[in-house]
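> Below you'll find the structure I mean.
Quick note: the coordinates plus some simple rules give every number you see, no bench work behind them. Nothing here was measured: the structure is a model prediction, and the numbers come from that model. Here Cβ is always computed from backbone atoms with ideal geometry, including for glycine, and neighbour counts include all displayed protein chains.
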Amino acid sequence: MVEKEKTRRFVRSSYSKVALKKQGCSCGPGCCGVADIKQASAQLGYTEEDLKNVPAESNMGLGCGNPVALASLKEGETVLDLGSGGGFDCFLARLRVGASGRVIGVDMTPDMIDLARENARKSGYGNVEFRLGEIEHLPVADNSVDVILSNCVINLSPDKEQVFKEAYRVLRPGGRLSISDVVATADLPAQIKADLSMLAGCVAGAEYAENIRTMLENAGFKHIKMTPKDNSREIISSWTPGKGVEEYVASYFIEAIKA
């Protein structure tokens, strides 16, 4: 329990600094010193049109894919984003669910929540809200969500199985899980596992794909699909150039349905 809390505090502190623009991080090319956020976003799978339709401050280049494009969102759906950061994916989702839909972002970092709420306020978005909370203990009612998104966040959790149990709880029957995340493809070296900066950088906390599948099955999910992203090596290697972490982890799309 002590180690889990230590992990959460470090991750929260790291992303607070990102929100306040006091430092970069490893979890995404945009916050790793890449000046061209447009190029970084394209690498993750976002289009120029995507970037035009959201507040610029919400896009910090965080993530390892584009879960919104994967989710096939429909008009009127309720969407939940786990680890919503500055609100980037939430703002893209709101366009797809329309005025009759609703988007909820949950993040454990108060500074990220403040940033996202300010972005929503300035843009006049009425169908998006942001809630402070941990993804292991979601501040969301049972059976109330149609789709869950997440972008390179679940790997940061010290209790991934609990995250998937919570995701299952809040989804309606037939609800969909649509996430982009980093998974382990080989045994991580001990020095990487012990490095908290590599944890906050979405590397050290990566779990094997087969273990994630088992966690999803244990939570109750069906029709589980796990697909490596085509340009995974390019994405991962851009976070920590020259360190070879792309030999140990990969960017995956993970989909599942609550039966």
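> What are the ³J(HN,Hα) couplings of region 129-135, residue after residue, when phi is run through the Karplus curve with 6.51, -1.76, 1.60 and θ = phi - 60°? Round to Hz, x for glycine and proline.
Each residue's phi maps through the Karplus curve to give 9, 10, 10, 7, x, 8, 6 Hz.
> Give the cross-link partners of LYS225 among the aspartates and glutamates, using a straight C-alpha distance below 12 Å as the criterion and excluding same-chain residues fewer than 8 apart.
Excluding near neighbours in sequence, the set is GLU210, GLU217, GLU255.
> Moving to a separate point now. Which residues' amide hydrogens lie under 5 Å from the amide hydrogen of TYR208, considering only partners 5 or more residues apart or on another chain, with H built in the peptide plane?
Hits under the 5 Å cutoff: ALA184.
> Given Cα positions, please report Rg to Rh for region 2-258, the hydrodynamic radius being the Kirkwood one.
Taking Rg over the Kirkwood Rh, I get 0.93.
> Please give the calculated 222 nm ellipticity per residue for the chain, where each DSSP H segment of at least 4 residues contributes -39500 (n - 2.57) and the sum is spread over every residue; nearest 500 deg cm²/dmol?
After summing the helix terms and dividing by the residues of the chain, the value is -11000 deg cm²/dmol.
> In vacuo Debye scattering of region 117-259, one point per C-alpha: log10 I(q)/I(0) at q = 0.10, 0.19, 0.20, 0.21 Å⁻¹?
-0.38, -1.13, -1.19, -1.25
> Still on this structure, I have one more. Which FRET efficiency value, to the nearest 0.05, do you get for ASP114 and GLU3 by plugging their Cβ-Cβ distance into 1/(1 + (r/R0)^6) with R0 = 30 Å?
0.60
> While we're on this one: Which ³J(HN,Hα) values, rounded to whole Hz and listed in residue order, are derived for region 206-223 from phi using the Karplus coefficients 6.51, -1.76 and 1.60 in 6.51 cos²θ - 1.76 cosθ + 1.60 with θ = phi - 60°, glycine and proline given as x?
5, 10, 4, 4, 5, 6, 5, 4, 5, 4, 5, 5, 5, 6, x, 6, 10, 6
> Treating only the Cβ of Lys, Arg, Asp and Glu as charged (+1, +1, -1, -1), what charge dipole size does region 2-258 show about its Cα centre? Round to the nearest 20 debye.
Rounded to the nearest 20 debye, it is 400 debye.
> Across region 100-116, in residue order, what do the Karplus-derived ³J(HN,Hα) couplings come to in whole Hz, using 6.51 cos²θ - 1.76 cosθ + 1.60 with θ = phi - 60° and x for Gly and Pro?
7, x, 8, 10, 10, x, 10, 8, 8, 9, x, 5, 5, 4, 4, 5, 5
> Please state the relative contact order of the chain as a whole percent: Cα pairs under 8 Å, 6+ residues apart?
Across the chain, relative contact order equals 20 percent.
> Give the long-range amide H neighbours of THR78: residues separated by 5 or more places, or on another chain, with amide H under 5 Å away, using H modelled in the peptide plane at 1.01 Å from N.
For THR78, whose amide H was placed from the backbone, the distant partners under 5 Å are ARG102, ASP146, VAL147.
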